[in-house]
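In what follows, a structure is listed as structure tokens, so that the remarks can point back to it.
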Amino acid sequence: MNKNILLPAIFFLLAAANLSAQSLVARKNSFNTGWKFFLGDDVAASTPSFNDASWRILDLPHDWSIELPFDKDSPTGNGGGALVGGMGWYRKTFSMPLTNKGKHITIIFDGVYRNSEVWINGNFLGKRPYGYTSFEYDLSVYLKYGNEKNVIAVKVDNSQQPNSRWYSGSGIYRNVWITVTDNLHVLYNGTFISTPEVSAASASIDLTVALGYQLQVFSKKDQARRVIVKTIIYDKDGKKITDQSSPNVIALPYPGRDTTKIKQQFKISSPRRWSVDDPYLYKAITQVIMDGKILDEYITPFGIRSFRFDADKGFFLNGIPVKILGVCDHHDLGCLGTAINKSALQRQLQILKNMGCNAIRTSHNPPAPELLDLCDEMGFLVMDEAFDMWKKEKTKYDYHLDWDAWHRKDLEDQVMRDRNHPSVFIWSIGNEIMEQWEKDSSGTRIASELASIVHSLDTTRPITSACNSPYPNNPLIASGALDLIGYNYEHNNWPGFHERFPGKIFISTESVSALETRGHYDMPSDSIRRWPIKWDKPFSDGNPDTTCSAYDNCSTPWGSTHEETLKILKKHDFLSGMFIWTGFDYIGEPTPYPWPARSSYFGIIDLAGFPKDVYYMYQSEWTKKPVLHLFPHWNWKTGDTVDVWAYYNNADEAELFLNGKSLGTKRKSGDELHVWWRVKYEPGTIRAVSKKDGKIVLTREIKTAGAPVKIILEADRKNLNGKDDELCFVTAKIVDKDGNLVPDASNLIHFEVSKEGSIAGVDNGSETDLSSFKSNEHKTFNGLCLAVIRSKQKAGIIHLTASADGLQSAIISIQTK
């Protein structure tokens, strides 16, 4: 997203322009607080005089479905997370200062799920069916100023179900902004920046600026005034690099409202290039100046980088070969639902970064702008996906009903919003589109149309579609619209890609679909379970407790285990990379089990953000940090045969000990990614030691845990800034008297938080726990539980206490500023 935010605190900008702070125009302001909400429908709610005194007061973003109980009979079905949709209304009463009269004032919604309709002071502004696109409405002509009140009303209709194959959430679940500009201003998403030539020595930068203005801005006497568009480029530290001014940019007169575009070009010597290891960002500050006064200022962060795909050698970033090590993720944030929160997103991305992941696929829709901001800042490549279906439905009430009227507008808005992000390197126009199997020409025609729309706005990135029929006769592929051939699964056919597609470029848009429950282990570990037998057949086998094995020995029949897939990816340079299904578990699609399962088993990390064991396989393969991960837990029945696995790197071998006795040394041979021992269980301690050249690299041990004795709390941060709705994620562990995690503990933990904070959500990572996410208590699952703490934006100390019957309680303190 273009950071079209005025930052008057950036004093170096004022100095550079030699202008006073008073000449600047406030541009973008949060509009999230003080809304009223009603779950249900009232046709009169759009009128300003409507009495909403009894409605609930809340702040946005908001997802009402996550607050409701899981319902076996929900029309969303298990695929939709067994949480109800429905209809809701939001209203906000606000004042607009007299000083803003005559300005250009708009409201921006980053995303509303779904079928939103918006009114201002009883005037209908528009409807937006798709739940994932950002959109803007002009409020200027309808607003009242000074002491008069304005009322904005938003109707959200998510009642027609099912309309999604996963949990969608319901409501104004992304941020809302008010923009105030001069009538002469840079348009919403009004800049496009690209770097057509990049080397270590220099970089060329092309910038297009789109201006909007009203005729009344210019009377006849105004026509002699000079309008200048000036852009200044700064490095990350605020140092000015270069600037350019374009004088007399508007030819007058124009009838009514109009737009004009200005093109500017820059050269930068010795640029610091954006990469996944060094995500360096510059800023382009575009100023609209008339008579020496800044009327508008628009900030566009950007990165300088080059990339290319090679049919034989894969992907290159800044001339260096880089394997795309990606994951797919849906948009929910576990117990927070789909209500966007930047600190929750940052936590997810940091967990993935620590694993060695370097790419995200926004499956299967445009993401929240904050995700792309963070990917720019943290160094992730992004496959930016538009649609899960086209004209052919996947569920009865999904986007296919809106396709004809809205697909062009939605795709254009996505590309224009996201095209300045250096992280975005692929556009995906669809996922497993049903038109792949149509015998008519619809798939070819639509694919060509969508590619044409993208190319009309951005020619700097390749286009793909995630194909679960990756064959030359697929009409999407046969259309020639796809620059990259996107494979969903079929990992055994990857090596023969060039026989099927000579000279073409490969990307695995979706892979793996392995199934794991954190902390559960099915033996023997060298026997792989393919669950269910077939995707469209009911599943009646499996474990009575609806678990899947965390040994990486369980997968769907259309997929593969993590290790099976990664072995193939490593062997061939032309395999540019893959996106694993999925990084995190998500609400909905509880494959392979039916109810009471209500969330997925696909994640490398569970719904609460706790890594499963396979996380460390990727960490050992994808990072340079020393890794030695030993599992499973060591609480079994005496005499049981237990398979013990170890993932390691930076070492030649690993040796296993049971109660001090060596059980032998193992080395990975061939393409193996782990070592393992079959052990006769006895209580005590198992210990693994990795060695390189005979010297110890790492040691890991697991002890038999005794009875639960106490709770331990661990927070992911010590301080909250009290702003931007920052969250603290606190892990609760059940341990024995010696501090060992009790691996099967399921104690009910009660959380109590002091008045400076509140509980935003609770979770334990279990796919079948039907307890509310919005509670002050939750059971642990295999010894772990999560409490998410929100500051009330008051300075002080938040005290969180965790207690459980028969256990020593714990307390943790979080400073708020």
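The values are calculated or read from the model by the stated rules, or taken from the named source; none is laboratory data. These numbers come from a predicted model, not from an experiment. Cβ atoms come from the backbone with ideal geometry, glycine included; neighbour counts cover every protein chain shown. Protein only, heavy atoms only, side chains kept; ligands, DNA and RNA dropped before computing areas. Shrake-Rupley method; radii C 1.70, N 1.55, O 1.52, S 1.80 Å.
Details
- Selection among Trp535, Ala339, Gly588 by position relative to the dipole of the chain gives Ala339 as farthest towards the positive end (Cβ unit charges, Cα centre).
- Accessible area per residue for region 315-452 is 28 Å², calculated with a 1.4 Å probe on protein heavy atoms, without ligands, DNA or RNA.
- Translational diffusion of region 669-805, µm² s⁻¹ [Kirkwood Rh, Cα pairs; Stokes-Einstein; 20 °C; 1.002 mPa s]: 122
- Rounded to the nearest 10 degrees, the angle from helix 442-457 to the longest Cα principal axis of the chain is 60 degrees.
- Asn493 versus Lys755: modelled label distance in nm, points set 7 Å from Cα along the beta carbon direction: 6.5
- Short-range pairs are left out: with C-alpha atoms under 8 Å and at least six residues apart, the relative contact order of region 678-817 is 27 percent.
- Under the Karplus curve 6.51 cos²θ - 1.76 cosθ + 1.60, θ = phi - 60°, whole-Hz ³J(HN,Hα) for region 598-605, x wherever Gly or Pro sits: 9, 9, 7, 10, 6, x, 6, 10
- Cα-based equivalent ellipsoid of region 468-517: semi-axis lengths in Å, sorted from largest, via gyration tensor: 22, 12, 9
- Each 10 Å bin, from zero up to the one with the longest distance, holds this percent of the alpha carbon pairs of region 51-125: 13, 37, 31, 14, 5, 1.
- Accessible surface of the chain, 1.4 Å probe, proportion on carbon and sulfur as whole %: 49
- Furthest towards positive pole of dipole, Val424, Ile351, Thr444, structure part region 346-466, Cβ charges: Ile351
- Degrees separating the helix 342-355 axis from the principal Cα axis of the chain, which is the longest one: 50
- Phi to ³J(HN,Hα) by Karplus 6.51 cos²θ - 1.76 cosθ + 1.60 over region 282-299, Hz, x for Gly, Pro: 9, 10, 9, 9, 9, 10, 9, 10, 10, 6, x, 10, 6, 8, 8, 9, 10, 10
- Whether region 657-736 is rounded, prolate or oblate, judged on the alpha carbon gyration tensor where a/c under 1.5 counts as rounded: oblate
- Shape class for region 313-391: oblate, because the ratio a/c of the largest to smallest gyration tensor axis (alpha-carbon atoms, square roots of eigenvalues) is 1.5 or more and b/c is at least a/b.
- Cα pair count fraction exceeding 16 Å, expressed as % - region 270-309: 53
- The chain, Rg to Rh (Cα coordinates; Rh as Kirkwood inverse mean 1/r): 0.97
- Distances between placed amide hydrogens fall under 5 Å for Gly102 paired with no residue 5 or more residues away or on another chain.
- Between the residues Ile108, Ser134, Met87, the greatest Cα displacement towards the positive end of the dipole of region 70-143, with unit charges on the Cβ of Lys, Arg, Asp and Glu, is found for Ile108.
- Only Cα pairs under 8 Å and 6+ residues apart enter the sum, and on that basis the relative contact order of the chain stands at 10 percent.
- Cβ-placed point charges (K, R +1; D, E -1), dipole of region 479-532 about Cα centre in debye, nearest 20: 60
- Computed [θ] at 222 nm, helices only, for the chain once each DSSP H run of length n ≥ 4 contributes -39500 (n - 2.57): -3000 deg cm²/dmol
- Debye, to nearest 20: dipole size of region 673-757, +1 on Lys, Arg Cβ, -1 on Asp, Glu Cβ: 600
- Those trypsin sites (Lys or Arg not before Pro) in region 345-377 that DSSP places in a loop and that have at most 12 other beta carbons within 10 Å: none
- Excluding the site residues themselves, the longest part of the chain lacking any GluC sites (Glu not before Pro) in a DSSP loop with at most 13 other Cβ atoms within 10 Å is 149-671.
- About the centre of its Cα atoms, region 407-515 shows a dipole size close to 200 debye [charges on the beta carbon of Lys, Arg (+1) and Asp, Glu (-1) only; nearest 20 debye].
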